[in-house]
């Protein structure tokens with residue numbers, strides 16, 4: 001019996017090591033692909049395959065970022081865009097969640113407003129830019145409003161789909177035992193829809209960045225979107241690529257933070 005346990009433990013350890021090696025290999029391949037792309041980009045720019053004035057190059061991007069940091073404007077622009085994005089993200093997710101709860105609680109309200117939600121989701125938000133400027137002015141409020149506008153409809157639809165996907169048999173059982181809508185929401189629907197919430201957060205991260213940069217394209221005097229627009233206007237493509245690179249890093253970091261929160265939440269849930 002002891003030998004069987006030892007054999008089982010050995011096989012389990014080998015299995016875990018195999019999984020760990022696969023994860024390391026995946027990360028190594030990802031890093032290798034990125035390094036190869038950056039290296040080829042720099043090489044082609046240096047030898048003249050690419051025109052560095054048009055495509056820039058990693059070395060020029062790094063120099064531009066260093067110059068922005070030395071001039072004291074880099075973290076100012078990053079801070080502005082982060083503030084707008086995170087604020088819009090939080091408002092959109094919180095409001096979207098609450099509206100989805102309201103629609104799930106009242107089927108009549110859901111049937112009335114569902115077509116409007118679909119239409120608003122299909123509407124190109126950039127078309128509302130002039131109206132947003134008139135309504136909200138040219139400050140941070142307009143950009144945050146645009147961020148919320150881009151994100152909130154998808155948050156509502158994803159969370160409502162998560163609520164309605166909860167096991168109908170369990171809902172029927174709770175209803176047969178006298179549970180009301182609020183009890184079912186708190187005891188069953190909200191806990192069961194945690195994966196949907198995590199997926200909504202992941203989607204909302206990308207939409208929040210789209211909304212904030214879109215807002216900065218329309219009206220801004222600071223931020224990474226402003227740097228991209230300004231760089232394009234004066235043909236400083238190094239500045240455009242530098243701001244775009246910083247955006248990629250920040251968006252990736254925000255997505256990673258949501259992924260970590262998801263692992264913690266699911267671990268506490270026991271999944």
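A few notes on this one:
- Shape call, segment 106-220: gyration tensor on alpha carbons, a/c limit 1.5: prolate
- Kirkwood hydrodynamic radius of segment 1-148, from the reciprocal of the average inverse Cα-Cα distance over all distinct pairs: 21.9 Å.
- Helix-only arithmetic for the chain: the sum of -39500 (n - 2.57) across DSSP H runs with n ≥ 4, divided by the residue total, places the mean residue ellipticity at 222 nm at -28500 deg cm²/dmol.
- Segment 39-181: relative contact order as a whole-number percent, Cα under 8 Å and 6+ apart: 28 percent
- For the chain, the relative contact order comes to 23 percent (Cα pairs under 8 Å, sequence separation of at least 6).
- Taking label points 7 Å from Cα along the Cα-to-Cβ direction, residue 54 and residue 94 give a separation of 4.8 nm.
- Length gained on full extension, residue 123 to residue 31, computed as 0.36 nm times the residue gap minus the Cα-Cα distance: 29.3 nm.
- R0 of 41 Å, Cβ-Cβ distance residue 102-residue 253: FRET efficiency to nearest 0.05: 0.80
- Shape category assigned to segment 2-50 from the gyration tensor of Cα positions, a/c cut at 1.5: prolate
- Distant alpha-carbon pairs in segment 156-271 (separation over 25 angstrom), percent: 46 percent
- Of interest is the spacing of the C-alpha centroids, which for segment 19-55 and segment 69-117 amounts to 34 Å.
- Gyration tensor (alpha-carbon) shape descriptor, the chain, a/c threshold 1.5: oblate
Each value in this text was obtained by applying a stated rule to the coordinates, not by laboratory testing. As the structure is a computational prediction, the values presented were derived from the model and not from experiment. Because the Cβ atoms are built from the backbone with ideal geometry, glycine has one as well, and the counts that use them run over all protein chains shown.
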